[in-house]
């Protein structure tokens, strides 16, 4: 015989409800604990794209002065 504990199945409706709460409240994570049952639902944040800047144009040399006459 196996000595493993039987685990109660997690109610998918509860997980969906927690996910809906995340969306509605703009939270990134929510955790619920009831007795031995603990459910954590978290949203994976995507990093903002890196900002790139164009290089400044190279300085232009001033025109040469005309030769004295």
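Just to verify a result, which residue in the stretch 15-32, among those that are in contact with a helix residue (DSSP H, G or I) (Cβ under 9 Å, 6 or more places away or on another chain) and not in a strand (DSSP E or B), is farthest from residue 45 (Cα to Cα)? My answer is 27.
One line per residue, one yes/no per condition, for (1) more than 29 Å from the chain's Cα centre (by Cα); (2) surrounded by 10 or more Cβ atoms within 10 Å (Cβ to Cβ); (3) at pLDDT below 80; (4) at negative phi:
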residue	(1), (2), (3), (4)
3	yes, no, yes, yes
30	no, yes, no, yes
36	yes, no, no, yes
52	no, no, no, yes
68	yes, no, yes, yes
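Residues that are at pLDDT 85 or above and surrounded by 10 or more Cβ atoms within 10 Å (Cβ to Cβ) within the stretch 5-22 comprise 14, 15, 16, 17, 18, 19, 20, 21, 22, listed in sequence order. Go through the stretch 37-65 and give me each residue that's in contact (Cβ under 8 Å) with a residue 12 or more places away in the chain and part of a loop (DSSP other than H, G, I, E, B). Within the stretch 37-65, 43, 45 meet the criteria.
The values are calculated or read from the model by the stated rules, or taken from the named source; none is laboratory data. No experiment lies behind these values; they were computed from the predicted model shown. All Cβ positions, even for glycine, are placed from backbone atoms using ideal geometry, and neighbour counts span all protein chains on display.
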